[in-house]
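The values are calculated or read from the model by the stated rules, or taken from the named source; none is laboratory data. Please read all numbers here as calculations on a predicted model, not as lab measurements. Virtual Cβ from ideal backbone geometry, glycine too; neighbours counted across all protein chains shown.
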């Protein structure tokens, strides 16, 4: 399955997540190279190695991060807000993953094509306020990476 993941690659992955958390957007490989004062080409290669191992998901045919689960680099139907920060989540599951990963309280705004109104959830100290809602996964996990963008 491609090249071996190194300590450097894991350091890059950590910095990608830290950047997403702090800046509410995906970093470019140059952002991470600048942060670590390292060669940008090494970081670009690392992005691709992490993508091969499903540790990041790049935009098809590019060096740009599309997904670093639970974060999405593009607007989705799942917005997660905390204080003056907001992030996009890839799906309902990931919208719960952001507050879990960052250990923060959030408001989740979810829009579903078959509902007229947005669904709002609050996560306070790790507890979701509305236990009447369910997340349904119509596709088994083993098929998520068949086409991650549309899963």
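Residue-level check: of (1) touching a strand residue (DSSP E or B) at 6+ places or on another chain (Cβ under 8 Å); (2) at positive phi; (3) in the same structural domain as residue 118 (by TED's automatic domain parsing), residue 92 misses just (2).
Highlighted here are the strands (runs of 3 or more DSSP E) found entirely within segment 83-151 that include at least 2 residues which are more than 14 Å from residue 71 (Cα to Cα) and modelled with pLDDT of 85 or more: 106-110, 119-124.
With respect to the conditions (1) assigned to a loop (DSSP other than H, G, I, E, B); (2) within 26 Å of residue 8 (Cβ to Cβ), residue 45 falls short on a single one, namely (1). Scanning segment 92-132 for residues that are surrounded by 17 or more Cβ atoms within 10 Å (Cβ to Cβ) and in contact (Cβ under 8 Å) with a residue 40 or more places away in the chain, we see that the one that is nearest to residue 26 (Cα to Cα) is 102. Here's a check for you: in segment 48-80, which residue that is assigned to a loop (DSSP other than H, G, I, E, B), closer than 13 Å to residue 13 by Cβ and touching a helix residue (DSSP H, G or I) at 6+ places or on another chain (Cβ under 8 Å) is modelled with the lowest pLDDT? Per the criteria, the residue is 54.
Comparison of 15, 30 shows that the only residue that is buried (at least 17 other Cβ atoms within 10 Å of the Cβ), touching a helix residue (DSSP H, G or I) at 6+ places or on another chain (Cβ under 6 Å), modelled with pLDDT of 95 or more and outside the structural domain of residue 97 (by TED's automatic domain parsing) is 15.
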